[in-house]
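One structure below.
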Amino acid sequence: MAFYRSAAMAAALTLVTCLPAEAQFYKDKTLTLLINYGAGGNADIEARVFQQHLKKHIPGTPNVIIQNQPGAGGINAMNMLGLNVGSRADGLTLGYFTFGPISSIAEDPNLKINVADFMVVGASKSAALVYGRKDIPPGMTKPTDLIKATRLFVAGYARSSLHDTRLKMAFELLDIPFTMVTGFQSTGAVNKAMAQGEVNITGSTLPGYQTQAIPQIVNLGIGMPFFQFPVYGPDGKPAGNPMLTKQGIPTFDQFYAEAKNKPLAGPKWEAMLLANHLGTQMQRLIVLPKGSPIEARDALRAAFQDTARDPDFIRDFERVTNEKPEIAPASEVEPLLERMRNVDPAVRKVLKEAIAE
């Protein structure tokens, strides 16, 4: 009898040790998704959909929880993860960050870490646009009326965030007087301020616009969309988001050409286009801290790709965001991070000046 028990134990031990390392890694553990904006914001809403579905695609089926750490336009949480403040590089804390490349490109002193040092799991893509109140003086009835605005009060999150910087550069290119009102913690807080008339224009990613701005601002007759920020298309020229284009929302370069009767050109336009392209292709950057276990990285890379193909996840993500999920694998994200190292000096100078003011 003892012989059979020993043989059975040996067989069980052999089975466990033959399982892939990532299958054993997360068993009976808890994975924390660290969000760099407050509860109720776009990133938080999306992360909570992942929270519901991700664990079933991670070998070992760990518990998955959310931790919100807003501040400094998303930089606080990125610093915390990269510097191992409140966590360790043990594969149990995963950054799900709203990402803006400007802090890295412009060498913002508030960013204490090198983003390229993170261990990439993947990224979620999206698009971004600008919307505002219809009563912006002297009154807005169509998008290009914005060129007549006498004063814009622009809602932002932090001076060096992609959100604030691309809005600032857009209104400088359009030569419209504006004042940045920054420091908001979430999209919900921005829309509340806009509804109350404390600010009159802002920007948003597509999920935030679809799920919050449309019902809270546009459908109530308070505001309207003006333009979308373009990315580089396959031909290297500016391209818009098909859903927004179908809604009749022009890209910024189209808006500018109609409003100013001339094409866009120059380092500031190039800087805005590059920053927006990088930011929207990595709208949510999904990363582990440097030095995390390889088996954790591999398990999470596969899990995010599997989750993105899960019909139940897709249904819930679309229901909550009104957008189809698009998760870029690490193989697509790492070259984008590398591209940030090799930016034209004139473009880098523009971005440094933009966040210094």
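Determine whether Ala239 is buried (at least 18 other Cβ atoms within 10 Å of the Cβ) and of a type in the set (A, V, I, L, M).
no
Looking only at segment 298-324, filter to residues that are modelled with pLDDT of 95 or more and not in a helix (DSSP H, G or I); which one of those is surrounded by the most Cβ atoms within 10 Å (Cβ to Cβ)?
Asp310
Tell me, which residue of segment 325-334 that is in contact (Cβ under 8 Å) with a residue 12 or more places away in the chain and either surrounded by fewer than 12 Cβ atoms within 10 Å (Cβ to Cβ) or not in a helix (DSSP H, G or I) (or both) is farthest from the chain's Cα centre (by Cα)?
Only one residue tops the list, namely Pro329.
Just name the residue that is modelled with the highest pLDDT out of those in segment 207-235 that are of a type outside the set (Ser, Thr, Tyr), in contact with a helix residue (DSSP H, G or I) (Cβ under 7 Å, 6 or more places away or on another chain) and part of a helix (DSSP H, G or I).
For segment 207-235, the residue satisfying everything is Ile217.
Looking at segment 335-349 only, could you name the residues that are part of a helix (DSSP H, G or I), within 22 Å of the chain's Cα centre (by Cα) and of a type outside the set (Asp, Glu)?
Pro335, Leu336, Leu337, Arg339, Val347, Arg348
Somewhere in segment 127-138, is a residue acidic (Asp, Glu), crowded, with 20+ Cβ neighbours inside 10 Å and either part of a loop (DSSP other than H, G, I, E, B) or in contact with a Pro (Cβ under 6 Å, 6 or more places away or on another chain) (or both)?
No, the conditions are met nowhere in segment 127-138.
Answer with yes or no whether Pro109 is free of Cβ contacts under 8 Å to residues at least 12 places away in the same chain, in the same structural domain as Arg341 (by TED's automatic domain parsing) and over 30 Å from Ile147 (Cα atoms).
The answer is yes for Pro109.
For residues in segment 162-191 being surrounded by 24 or more Cβ atoms within 10 Å (Cβ to Cβ), under 14 Å from Gly132 (Cβ atoms) and hydrophobic (A, V, I, L, M, F, W, C), which is modelled with the lowest pLDDT?
Ranking the qualifying residues of segment 162-191, first place goes to Val190.
Which ones in segment 92-104 are out of contact with any His (no Cβ under 8 Å at 6 or more places or on another chain), crowded, with 24+ Cβ neighbours inside 10 Å and outside any strand (DSSP E or B)?
The answer is Phe99, Pro101, Ile102, Ser103.
What helices (runs of 4 or more DSSP H), lying completely within segment 1-84, carry at least 2 residues that are modelled with pLDDT under 80 and within 28 Å of Asp306 (Cα to Cα)?
Result: 2-18, 21-25.
Inside segment 103-150, can you point out the residues that are of a type in the set (Phe, Trp, Tyr) and touching an Asp or Glu at 6+ places or on another chain (Cβ under 8 Å)?
Scanning segment 103-150 gives no hits.
The values are calculated or read from the model by the stated rules, or taken from the named source; none is laboratory data. Just so it is clear, the model here is predicted, and its values are computed rather than measured. Positions of Cβ are backbone-derived with ideal geometry, glycine not excepted, and every protein chain shown enters the neighbour counts.
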